[in-house]
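Worksheet: the structure to be examined is printed underneath.
The values are calculated or read from the model by the stated rules, or taken from the named source; none is laboratory data. A quick note: this is a predicted structure, and the numbers were derived from the prediction, not measured. Cβ atoms come from the backbone with ideal geometry, glycine included; neighbour counts cover every protein chain shown. Keep in mind that these areas ignore ligands, DNA and RNA; they rest on the heavy atoms of the full protein, side chains included. Shrake-Rupley method; radii C 1.70, N 1.55, O 1.52, S 1.80 Å.
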Amino acid sequence: MIRKIIMLLVVLAGTGFSLSAQEPWSLEVCIQYAMENNIQIKQSVLNTEYNENLLKQSKLGQIPSLSGSGGYNFSWGRVLDQTTYSYTDNQSINSVNLGINSQANLFSGLRVRNTILQNELNLMASYEDVEMVKNDISLRIAAAYLNIMFNKELLAVTQSQLEITGQTVERTRKMVEAGKVARGNLLELQAQYASEELNLVNAENQLTISFLNLQQMLDLPIDTAFDVVIPELADPDEDPLVIDALEVYQVAVQEMPEIKSAVLSLRSAERGLAIAKGGRSPQLYMTANYSSGYSDIREQVVGFGPPTQIPIGVTEGGETVYTAPQEFPEYGAYPFFKQMQDNASAGVGLGLSIPIFNGWQVNTNIANARIMHERAQLELQSQKLVLYANIQQAYTDALAALKKFIATQKALVSMEESFKYTETRFEVGLVNTVDYNISKNQLIATQSDLLQAKYDFIFRTKILNFYQGEPITL
């Protein structure tokens, strides 16, 4: 912790960033700053962007695939010329093949559609997860903020009591010097003063730590000039809780993002089960292709020679017999693009893939999908139970804090009167120092208990209001 603080101070000194010139931060400003800069929130937002990409890709998966291919081949010896499907001997061939292939999924047990719906649900759940993180951060900041307010009031009470003790020490010193009381009374009061000085130091340390905690939650550089706005908070009324825990829960179960996220995750698991069952369905798909090729040994007809008679035999008289005059083709170079055009071929087809046996993979996927669905159901039930328990706890704590505040408030009135009476008797020597210190310590403890009950009640009621959809404000 010390090392972290030192590093933050070094960064602060290096960047020149300072909160000194800033106004005190209100609770609303603290929460807004956290919403824009908190790392956990940014990580949750990145998760939503990841799910957005998954959804986009699943939708693009409906588009037919398209791929191109190409190849060059050099062969020699007895080689099959792919453009003529004839063999050559002792001749080298340079050939080129080009092609385009496309495939479209026509039906696959609605797995594509269910995948899209599942990714939509996952994206919606991730949005709710972001809100859940924001809510958690808001409550933590509110608790830290109220802790600062409590420690400030506690420090003020401690300072006030220390001043009273200091004044009592001075009066007792004068009475000792006048010979009216024994010196032991002064020594005991000085010990009490030293004890209250220690209490003051502890209160200052607690306030410093509470400031440090809030700044760390906000990921701010540590600055001793950082301060918060202290609003006027009314004391709790006799019976301010006009709604019970069950009514709060009935509202919260419809509004809280952790419940919405669990519901969406359950629906996503249902889609996952449908996807797994789709693995039993045949797959119908359509294919299309286009291809062509080139060979450097292939020639094309460029013309015909003069009519020529070819001998076909000899008569009995020894005369040669010829065919009728024929024109024979003459061959020449066959250009690349001309060959590619002439050798082009295209085709379309339909295919059907029927799953018969694949190592029990489909059944295993379905069984696992059912498990995930049951887990999602249990998670939803668990989230509802946790939410209700938190609301019950907050409601019970709020009632307890209210009762404690009312009782302590009454006790404080009696304690203040008792201390005044004890103080008056002490000044005339009718009460010894021990009894005086006991009465004063009881007063300080009662004041501290009253503050603790007050801020505990305020925080718990803020939680209850928050569960009903109200923003956290002071």
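The set of residues in segment 56-104 that are open to solvent by 60 Å² or more (accessible area, probe 1.4 Å) and touching a Pro at 6+ places or on another chain (Cβ under 8 Å) contains only GLN103. The condition of being assigned to a helix (DSSP H, G or I), farther than 30 Å from ALA262 by Cβ and basic (Lys, Arg) holds for only one of LYS180, LYS134, LYS152, that being LYS152. Each residue in segment 283-336 was checked for being among the hydrophobic types (A, V, I, L, M, F, W, C), part of a strand (DSSP E or B) and without any contact (Cβ under 8 Å) to a residue 40 or more places away in the chain, and 7 pass. Applying the selection to segment 107-127, what residues are open to solvent by 40 Å² or more (accessible area, probe 1.4 Å) and more than 17 Å from LYS59 (Cβ to Cβ)? Passing the criteria: PHE107, TYR127. Can you confirm whether segment 355-370 contains a residue that is open to solvent by less than 60 Å² (accessible area, probe 1.4 Å), in contact with a Pro (Cβ under 7 Å, 6 or more places away or on another chain), under 30 Å from ILE458 (Cβ atoms) and outside any strand (DSSP E or B)? Looking for residues that are open to solvent by less than 60 Å² (accessible area, probe 1.4 Å), in contact with a Pro (Cβ under 7 Å, 6 or more places away or on another chain), under 30 Å from ILE458 (Cβ atoms) and outside any strand (DSSP E or B), one finds none in segment 355-370, hence no.
Per-residue answers, yes or no, for (1) without any contact (Cβ under 8 Å) to a residue 40 or more places away in the chain; (2) part of a loop (DSSP other than H, G, I, E, B):
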position	(1), (2)
LEU220	no, yes
GLU232	yes, yes
VAL248	no, no
VAL253	no, no
ILE259	no, no
ALA262	no, no
SER265	no, no
SER268	no, no
ALA276	no, no
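Can you find a residue in segment 132-143 that is over 30 Å from ASN51 (Cβ atoms) and open to solvent by less than 50 Å² (accessible area, probe 1.4 Å)?
yes
Scanning segment 337-354 for residues that are in a loop (DSSP other than H, G, I, E, B) and under 30 Å from SER281 (Cα atoms) yields one hit, ILE354. When each of VAL176, VAL130 is tested for being under 19 Å from ASN432 (Cβ atoms) and among the hydrophobic types (A, V, I, L, M, F, W, C), the lone residue that passes is VAL176. Can you run down the residue pairs with Cβ atoms below 9 Å, 6 or more apart or on separate chains, where the first is in segment 431-443 and polar (S, T, N, Q) and the partner is open to solvent by 80 Å² or more (accessible area, probe 1.4 Å) and at pLDDT 85 or above? Short answer, once both residue conditions are applied: THR433/LEU187; SER439/TYR421.
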